[in-house]
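Structure first, commentary second.
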Amino acid sequence: MKYRMLSWLFALMVGLVGSAAASDPIVIRFSHVVAPDTPKGKAADYFKQRAEALTEGRVRVEVYPNSTLYKDREEMEALQLGAVQMLAPSLAKFGVLGVAEFEVFDLPFIFDDAEALAKVTRGPIGRRLLASLEPRGIKGLAFWDNGFKSFSANTPIHGPADLIGKRMRIQPSKVLETQMQALGAVPHMMAFSEVYDALRIGIVDGTENPHSNLYTQRMHEVQPYITLTDHGYLGYAVITSKKFWDGLPRGIRRQLEQAMREASDFANRIAREENERAIAAVRAAGTTEIVELDAVGREAFKRALLPVHGAMAERIGVKLIEAIYRETGFDPNAF
Ligand code: LMR
């Protein structure tokens, strides 16, 4: 309640300040939850640079990284209240907006590689998903990559059996919850900003994320094992409020669209390398043993996790899942 009142007050102040003078720049507050030194953090900073340059200072972008302004769920509310204008939540976090379809990206092993993923995010399916946000007052601007996830834990994970009974932190996605249950683990939904402490204190035993997130949040300091599983994808949709976006002068909107195209190309170009750099840094830190999965372990994970596709089909939509299978050539019977 207190948070809501503060948010309303903040939104009101933003509105008042925003209307102070016609010559004032248009301010875009861009809030996100990861470190600046990650694919998303760097892309948000790149967008700021390009937006300010292309609009010749008529737009000012203020980037707030690392949950400094809002945590996961709060930032969605803040966008709807007008207290921030831009976010890039991970695709696992759109369920709270009532669009479970975005959780299709969480289905284990659905994308063999970044190329298969790009066919979806940069093709008609991706455009349709972004458009599905509009009835909720949200404008979807772009997809930004992060990468494929690894499991980390307090004991080594060589196959699904090693996850039985483990308390695993997940993002707020039903698909991820079902994924952990399929492995016999106990899923704990938790904001990203709370994960390091939860791992350190032992509230949870492990988690999953691409390496850039694991490393920049220093999770390797409190997780003695990381297993290179690539069992699922984590990426983002950049979103703004439709009211804010539609209310921009047309010329400015075009320039911002251009800045967003450039930032998206940048994000998708650097993501893989950023994750490779991060796992190399974890290796160099010497705190964490990095477990490579052998063929038996990989097959066992695939076999344990494929049923999640069927279990989640009703929630996500059979047609959407099948459309992705067709687009990427994924064959669920090949497991
Ligand atoms: C997480 O909560 O684990 C990630 O989605 C954080 C992020 O935005 O990459």
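Yes/no per residue for (1) part of a helix (DSSP H, G or I); (2) under 19 Å from L117 (Cα atoms); (3) within 16 Å of the ligand (Cβ to nearest atom):
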site: G235; (1), (2), (3): no, yes, yes
site: A267; (1), (2), (3): yes, yes, yes
site: I270; (1), (2), (3): yes, yes, yes
site: A278; (1), (2), (3): yes, no, yes
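Can you tell me how many residues in the stretch 170-188 are within 10 Å of the ligand (Cβ to nearest atom) and either of a type in the set (S, T, Y) or part of a strand (DSSP E or B) (or both)? Qualifying residue count for the region: 2. Of the residues that make up the stretch 152-169, is at least one in contact (Cβ under 8 Å) with a residue 24 or more places away in the chain, within 11 Å of the ligand (Cβ to nearest atom) and touching a Ser or Thr at 6+ places or on another chain (Cβ under 9 Å)? Yes, the conditions are met somewhere in the stretch 152-169.
The residue list E322, E327 contains one member that is without any contact (Cβ under 8 Å) to a residue 24 or more places away in the chain, farther than 15 Å from H231 by Cβ and of a type in the set (D, E), which is E322. Say whether the condition of being under 18 Å from the mean Cα position of the chain (by Cα) and either more than 14 Å from the ligand (Cβ to nearest atom) or exposed (fewer than 15 other Cβ atoms within 10 Å of the Cβ) (or both) is met by at least one residue in the stretch 248-259. No. Restricting to the stretch 63-92, name every residue that is within 16 Å of the ligand (Cβ to nearest atom) and either assigned to a loop (DSSP other than H, G, I, E, B) or basic (K, R) (or both). Correct list: P65, N66, S67, T68, L69, Y70, K71, R73, V84, A88, P89.
Taking every residue in the stretch 75-93 that is at positive phi and pairing it with any residue that is more than 10 Å from the ligand (Cβ to nearest atom), at least 6 positions away or on another chain, the pairs with Cβ-Cβ distances below 8 Å are G82/A11; G82/V14; G82/G15; G82/S241; G82/K243; G82/F244. Which one is nearest to the ligand (Cβ to nearest atom) among residues in the stretch 205-229 that are surrounded by fewer than 22 Cβ atoms within 10 Å (Cβ to Cβ) and of a type in the set (A, V, I, L, M, F, W, C)? Within the stretch 205-229, the match that is nearest to the ligand (Cβ to nearest atom) is V222. The set of residues in the stretch 93-111 being away from the ligand (no atom under 11 Å from the Cβ) and not hydrophobic (A, V, I, L, M, F, W, C) consists of G95, G98, E101, E103, P108. The residues listed here are R127, R60; of these, the one that is in a helix (DSSP H, G or I), away from the ligand (no atom under 16 Å from the Cβ) and either over 16 Å from the mean Cα position of the chain (by Cα) or surrounded by fewer than 16 Cβ atoms within 10 Å (Cβ to Cβ) (or both) is R127. Restricting attention to the stretch 30-49 and to residues that are in a loop (DSSP other than H, G, I, E, B) and surrounded by fewer than 24 Cβ atoms within 10 Å (Cβ to Cβ), the residue that is nearest to the ligand (Cβ to nearest atom) turns out to be A35.
Taking the stretch 96-107 as the range and being part of a helix (DSSP H, G or I) and at pLDDT 95 or above as the test, the residues that pass are A100, E101, F102, E103, V104, F105, D106.
The values are calculated or read from the model by the stated rules, or taken from the named source; none is laboratory data. Given the structure is predicted, the values throughout are model-derived calculations rather than measurements. For neighbour counting, all protein chains shown are included, and Cβ atoms are generated from backbone atoms with ideal geometry for every residue, glycine included.
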